[in-house]
Structure formats: C-alpha cells, structure tokens
1. Mind listing whichever residues of the range 120-149 are part of a loop (DSSP other than H, G, I, E, B) and under 21 Å from V176 (Cβ atoms)?
2. Report yes if some residue within the range 166-183 is part of a helix (DSSP H, G or I) and within 16 Å of the ligand (Cβ to nearest atom); otherwise report no.
3. Would you please name the residue that is farthest from the ligand (Cβ to nearest atom), looking only at residues in the range 33-53 that are of a type in the set (A, V, I, L, M) and touching a residue at least 40 places away in the same chain (Cβ under 8 Å)?
4. Being within 16 Å of the ligand (Cβ to nearest atom), more than 13 Å from F93 (Cβ to Cβ), among the aliphatic types (A, V, I, L, M) and touching a helix residue (DSSP H, G or I) at 6+ places or on another chain (Cβ under 7 Å) is the requirement here; does M188 meet it?
Amino acid sequence: MKPMIDIVLTSCAESEVGDTAKQSDSDRRISSLADVGCDHGMLGISLATTSWVTQQQYIKLDEDKENTSHNDNNNRSKSISNGISFFPPTRIFGTDLSSMALENGGLVSLKKINEAMMPLSRFDNDLPIVFHVGDGLKPLQKGEADAIILAGMGIMTMMDILKDDVDRVHAKRIFVQPTNSRPQHLIMLYEKLQQSSEWMLRDETISYLGGRWYINAYFERYSGDADENSFRFPGHFLIHSDTEEAIDAYNSYVKHHLRWLKEDFERPKCVLEDEDKRWLEYIQSAEENAQWKVLSSWYSQ
Ligand SMILES: C[S@@+](CC[C@H](N)C(=O)[O-])C[C@H]1O[C@@H](n2cnc3c(N)ncnc32)[C@H](O)[C@@H]1O
C-alpha cells in the first residue's frame, strides 16, 4: 500500500509518460513544494530528508567523478539511485493554522533531526524545510510553491484553500488525500479541479488503513487543447493500475461503496445525489470488471 510520499516522489521521475509527452521535463519539474495543513510536519520532514540525502549523494558523485563539474546543477540534481532519475523538490514548506501543531511537532522534530544529521553533512546546511503558521496558501510568497499537498482534510476545506491563491504561488501540481474517500466527495473535488480543463488528473494510488480507504491523487496544470482534456473519474488510474495489489484494493473499495449505496437506495424516500448517480453510471460502464455491472444492477438510469 502506498503512502502520499510515494506518489509525490514518483511524480518527480524524470522520464516523460503518456499524455504529457508534449511538455518538456523542465516544465514539469517541481523545485518547491508546500504541505498545507501539515500538522506535525512529518510528510514535509520526510520529503526534506529525501532531498537532503539526495543532495549528499550528488556531492559524493561529483567527488567520485573527477570530470564532473561541481557547478553543474543538472548533474547534481539527478539522482541515479535504482537507475531512476528524479528531481525531488529542494525547498519544502509546511504550513498549518495551528501554531501549537508546529511548535510541538514539526519544529521540535526538525531541530532534533538537524542536530543528528549535521555531523554527516558534506556541506553546512539544515534540512530544506521552513514552517509557517497561517491559513491555507496565505503564508506563502508569490511564486513560492510549484506543488501543493493537501492531505488529511475534507474536500470543502481543500476547495476553499485552492480557490484563491493557487495562481499567486505559481502552483503547477496539486496532490490531494481527502479524509473521506467516498465516490461522491471525490467526484466533487475532481470536478472542481478539472472544470474548465485547468487541471488534469495524472495519477492515483490507494491504501487501506485502519478499516478505511485513502485515495491519493495528483493533478497537473493542463496547457493543451481543452477538448482533449475530458473528465477523468476517481479511480481512472486505479482501474488500469499495473499492480495486482492496487487493482484488488480498488475492487474492494468499489464493492464496499456499491453495497453502501444500495443500502441507501433501498431506504424509503432515498434520493441519490447527482455525484452518486454519475459514479454508478461510470462503474456500470467500466469494462474492466464484469462483476461491478452485476453488483450495481439494482440501479438503472
Ligand atoms: C487531520 S490533520 C492532517 C495532517 C496531515 N496533512 C496528514 O495528512 O496527516 C489536518 C490539519 O489541517 C490543518 N488545517 C485545516 N484547515 C487549514 C487551513 N485552512 N489552513 C492551514 N491548515 C489547515 C489543521 O490545523 C490540521 O493540522
């Protein structure tokens, strides 16, 4: 099962995939990232640690390769671990409404990690993370976040945070993990982002933890022809996942929500929400799993 950090780092892979082949690597690259609503800052600290360790590796590589220039940022920022080149963000921000969360969490951890890591450092620097107290994206300066993470909050809070400042901070990638992964909620969020073809769904992962499903997704700014950017339903990438584990988890998620919706539907005077109806129609039309058609046959359009 994959946590949020996995989809973030995977999205930083160098190789071009699928429908963004038109965009160059440098257009897609993210060098700064803000975890908004970071609470104790653990995700941001993990990302900053990955970035820090990667930078140490580059310096080691530079030292090992006499003919590699120390000033060649391109070579420095390319990790060759596992044969995959990726560009982890080199500036991380953690923001939260709660000063207590940051004071008792992120800042304490950061101080301890910096103290522990300093003797290992090949250059004199701390983890590349800064914490700010404040509402949504407001604590960030203009152009300061190529990517935004919104995790562990409801879709209404997410949409509220995204409504004003996304352009001001120059975000080109948005990662989301809503607390409630009910299809109806996901469709509302995906609709909001994909409307006007502004953002395009680029990848999803699914995790089942403590009796709940968590869906991580990320969207990228779409700069192509609006007609080509048709709405992608929640689960678009999970249906076609290349791992059995994800396909099985998504299958269980779908079956769970079909059962749940059926129970709702059978209650007297129940009226399904439009998003629930859209999801049911989508699931019925999915050719990947014939069972879903049978399990949703109680609903007809
Ligand atoms: C349940 S925690 C999730 C923490 C972390 N992102 C995670 O996924 O584990 C939600 C956090 O979002 C913060 N939050 C809620 N609304 C916010 C807003 N408008 N701006 C910044 N932080 C916010 C809360 O203070 C809280 O720390």
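Nothing in this text is a laboratory measurement; each read-out follows from the coordinates by a stated rule. Everything numeric in this text was worked out from a predicted model, so none of it was measured. Note that each Cβ is placed from the backbone with ideal geometry, even for glycine, and that neighbours are counted across all protein chains shown.
1. From the range 120-149, those part of a loop (DSSP other than H, G, I, E, B) are 121-128, 134-146; that's our starting set.
Within the range 120-149, G134, D135, G136, L137, K138, P139, L140, E144, A145, D146 qualify.
2. Our first condition is that a residue be part of a helix (DSSP H, G or I); within the range 166-183, this holds for 183.
Restricting the remaining residues to those that are within 16 Å of the ligand (Cβ to nearest atom) gives none.
Within the range 166-183, not a single residue is part of a helix (DSSP H, G or I) and within 16 Å of the ligand (Cβ to nearest atom).
3. Narrowing the range 33-53 to residues of a type in the set (A, V, I, L, M): 33-34, 36, 42-43, 45, 47-48, 53.
Then drop every residue that is not touching a residue at least 40 places away in the same chain (Cβ under 8 Å), which leaves 33-34, 36, 42-43, 45, 47-48.
Numbers: L33: 13, A34: 10, V36: 6, M42: 7, L43: 6, I45: 12, L47: 12, A48: 15 Å.
Per the criteria, the residue is A48.
4. On the way: within 16 Å of the ligand (Cβ to nearest atom): no; more than 13 Å from F93 (Cβ to Cβ): yes; among the aliphatic types (A, V, I, L, M): yes; touching a helix residue (DSSP H, G or I) at 6+ places or on another chain (Cβ under 7 Å): yes.
Judged against the criteria, M188 is not a match.
Residue-by-condition table, conditions (1) of a type in the set (A, V, I, L, M, F, W, C); (2) within 11 Å of the ligand (Cβ to nearest atom); (3) free of Cβ contacts under 8 Å to residues at least 12 places away in the same chain:
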residue	(1), (2), (3)
A116	yes, no, yes
P128	no, no, no
H132	no, yes, no
G136	no, yes, no
G143	no, no, no
A147	yes, no, no
L162	yes, yes, no
